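To start, the structure under review is shown below, and the notes come after it.
The values are calculated or read from the model by the stated rules, or taken from the named source; none is laboratory data. Keep in mind the model is a prediction, meaning the values are calculated, not measured. Virtual Cβ from ideal backbone geometry, glycine too; neighbours counted across all protein chains shown.
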Amino acid sequence: MDRAQLADFLRTRREALRPEDVGLPRGQRRRTGGLRREEVAALAGMSADYYGRIEQQRGPMPSEQMLAALARALHLSLDERDHLFLLGGHPAPRRALREDHIGPGMMRIFDRLADTPALVLSRFGETLRQTRPAVALLGDETRYSGLDRYMVYRWFTNPDSRRIYPVEDHPTHARVFTAQLREVYATAPDSRAGELVTALLAASPEFAEIWAAHEVGVTHLDRKRFAHPSLGELELYCQTLLDPDQSQVLLVFTAVPGSPSHEKLQLLAAVGD
């Protein structure tokens with residue numbers, strides 16, 4: 001661990017960011033151009049004292065989890081993230097095995113969507129980040145571990161995961177999720193996609209039947225229906241933004257202005273509190 005270089009690297013990256021880059025208000029009395037230490041700490045989910053000690057070269061050796069959180073909070077590129085890990089005394093993560101790093105460009109867009117249901121998905125369908133309205137709409141999809149982190153696995157093994165959609169739409173979603181998994185599996189059969197296919201073939205006769213049909217190119221319509229436990233049915237349009245470097249997708253849900261679903265979207269933040 002190189003305490004001096006680690007502290008200097010964190011400081012320079014913190015000072016290079018503006019509050020609006022991470023979805024924070026600037027405020028009229030703000031004197032510093034970059035982020036404050038306490039703001040970085042809050043974004044990374046750690047105490048301000050802990051982060052402050054790292055920048056002051058007197059903190060403990062940070063764990064890999066802490067370094068990963070700082071990389072996300074500071075919107076580091078993959079090269080910058082790897083450098084951060086090395087300075088912190090850990091080997092750089094193996095990129096081929098890590099799908100959870102969101103690029104800085106995608107993070108800048110995501111942070112500007114705080115009042116909108118939005119989430120970032122890995123190429124395997126793992127939810128990496130959600131806005132608060134997205135949690136209110138879909139539930140916290142980042143809380144799972146193991147194969148349950150992947151929507152396609154939960155869909156075929158956990159009936160509760162289907163409650164967010166009307167029952168009559170379930171067959172379509174099952175076909176779409178399977179086709180999406182097949183697309184990834186075709187390009188990387190030895191990746192996590194292969195593990196998911198093997199596990200689902202053993203656990204779900206429904207998945208096995210759909211998989212055997214070998215459907216490709218099955219996609220969702222732009223308009224989706226959601227069944228919210230408090231607000232009832234919502235009809236939302238889904239816009240997507242692809243980050244080809246990370247093979248990640250940003251999903252943003254909107255409603256027609258003035259429609260009942262648009263009014264319900266305004267209530268999502270209150271429902272999620």
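Some points to look at:
- Selected residue [at pLDDT 95 or above and under 24 Å from the mean Cα position of the chain (by Cα)] from ALA199, ALA203: ALA199
- Cβ pairs under 9 Å, 6+ apart, first in the stretch 107-121 and small (Gly, Ala, Ser), second assigned to a helix (DSSP H, G or I): ALA114/ARG132; ALA114/PRO133; ALA118/ILE109; ALA118/PHE110; ALA118/PRO133; ALA118/ALA134
- Against the numbered list (1) closer than 25 Å to GLY23 by Cα; (2) over 20 Å from the mean Cα position of the chain (by Cα), ALA44 comes up short only at (2).
- Of the helices (runs of 4 or more DSSP H) lying entirely inside the stretch 123-232, the ones with 2 or more residues being among the β-branched types (Val, Ile, Thr) and under 21 Å from GLN248 (Cα atoms) are found at 170-187.
Yes/no matrix, rows are residues, columns are (1) surrounded by 17 or more Cβ atoms within 10 Å (Cβ to Cβ); (2) among the hydrophobic types (A, V, I, L, M, F, W, C); (3) in a loop (DSSP other than H, G, I, E, B):
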residue: LEU35; (1), (2), (3): yes, yes, yes
residue: GLU39; (1), (2), (3): yes, no, no
residue: PRO60; (1), (2), (3): no, no, yes
residue: ALA68; (1), (2), (3): yes, yes, no
residue: ARG72; (1), (2), (3): yes, no, no
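- The number of residues in the stretch 207-237 that are aromatic (Phe, Trp, Tyr) and in contact with a Pro (Cβ under 9 Å, 6 or more places away or on another chain) comes to 1.
- Residue count for the stretch 128-160, restricted to those that are surrounded by 21 or more Cβ atoms within 10 Å (Cβ to Cβ), within 11 Å of the chain's Cα centre (by Cα) and either within 17 Å of CYS238 (Cα to Cα) or among the β-branched types (Val, Ile, Thr) (or both): 3
- Here TYR51 passes the criteria (1) more than 19 Å from the chain's Cα centre (by Cα); (2) farther than 14 Å from ARG13 by Cα; (3) not basic (Lys, Arg) except the one numbered (2).
- Taking the criterion of being within 15 Å of ASP8 (Cα to Cα) and of a type outside the set (A, V, I, L, M, F, W, C), the residues of the stretch 63-88 that qualify are GLU80, ARG81, HIS83, GLY88.
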